[in-house]
Amino acid sequence: MLQRIVSLCDRAIEALAVIVLLAMLVTVMLGVITRAYDDPLIWTDELSRYLLVWTAALGWVIASRRRVHIRITFFVDMLPKMLRHGVEVLLQGAVALFGLLLIWQGAELVERNYDLEATAMPISVSWLYIPLLLIGAFVLVQALAEAAQALTGRMRVQEFVTEVIE
C-alpha cells in the first residue's frame, strides 16, 4: 500500500514538472513572439524566471527519487559492507540536516518577501522562494528513509554504481 502511494506521488511530481516546463516554454515563446511584433509582454520575462526556479526544484526532486545525482563512492567502496552502511547513515544524516536548513532559510525568505509584489506581475515575490520549502521537506523525508534503509541493511550499498554502469 505504501509503495503504491509513493509511486502515485512520483507520477504526480513528474506530471507537475512537465506542466511547469511546458508553461515556461510557452511563456518564453510568447515573449519572443510579442517582441518580434514590437509589442512585448513585460510579464513574460518575470514569469519565465519563476517557472525556471520551479522546474529546477521539481527536477531536483525527480533526480533524487531516481538516485541519479552525481555520487563519488571511490573511498566508501573500499570499506567493508557494514561500514559502508554506517557511512551511508552518516551521509544521509547530513543530507537530512541540509533539508532542515533549506526549510528554515526558505521559510525566512518566504516570510521576508511575502508583502513584496513582483515587478511585472500582481503576485508576491515569495512564490520564488516557496520551492525551497518543498525541496527541503522532500530532501529531509528522502534522506531519513534512505538512512533507515541503510540502518536495517535493506539498501544495496552499491546500488548507484551498478545502475550507472548498466
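The values are calculated or read from the model by the stated rules, or taken from the named source; none is laboratory data. Owing to the predicted nature of the structure, the values given are computational and were not obtained by experimental measurement. Using ideal geometry, Cβ is built from the backbone for each residue, glycine included, and neighbour counts are taken over all protein chains shown. To get the accessible areas, we keep the full protein, side chains included, count just its heavy atoms, and leave off ligands, DNA and RNA. Shrake-Rupley method; radii C 1.70, N 1.55, O 1.52, S 1.80 Å.
When the gyration tensor of the stretch 1-67 is built from Cα positions, what are the square roots of 5 times its three eigenvalues, in whole Å, from largest to smallest? Walk me through the numbers on the way to the answer.
Working: eigenvalues 217, 20, 11 Å².
In descending order, the three semi-axes are 33, 10, 7 Å.
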For T152, what accessible area in Å² do you get when you roll a 1.4 Å probe over the heavy atoms of the protein chains, rounding to the nearest 10?
-> 90
On each of the three principal axes the extent of the alpha-carbon atoms of the chain, given in whole Å and largest first, is 66, 38, 36
Does anyone have the angle between helix 43-66 and the longest principal axis of the chain? Alpha-carbon axes, 0 to 90°, nearest 10?
-> 10
Whenever you get a sec, compute what percent of the accessible area on the stretch 1-99 sits on carbon and sulfur atoms (1.4 Å probe).
-> 75
Among T55, I70, Y37, the residue whose Cα sits farthest towards the positive end of the charge dipole of the chain, when +1 is placed on the Cβ of each Lys and Arg and -1 on the Cβ of each Asp and Glu, is I70
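Using the heavy atoms of the protein chains and a 1.4 angstrom probe, tell me the accessible area per residue for the chain in square angstrom. Please report the intermediate quantities before stating the final value.
On the way: 11310 Å² over 166 residues.
With the other protein chains kept in place, the chain gives 68 Å² per residue.
Tell me the mean residue ellipticity at 222 nm calculated for the chain from its helices only (DSSP H runs of n ≥ 4, each -39500 (n - 2.57), averaged over every residue, nearest 500). Don't skip to the answer; put the middle values down first.
Details: 5 runs with 122 residues, N = 166.
The per-residue figure over the chain is -26000 deg cm²/dmol.
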Using alpha carbons only, how many degrees (0 to 90, rounded to 10) separate the axis of helix 2-36 from the longest principal axis of the chain?
-> 30
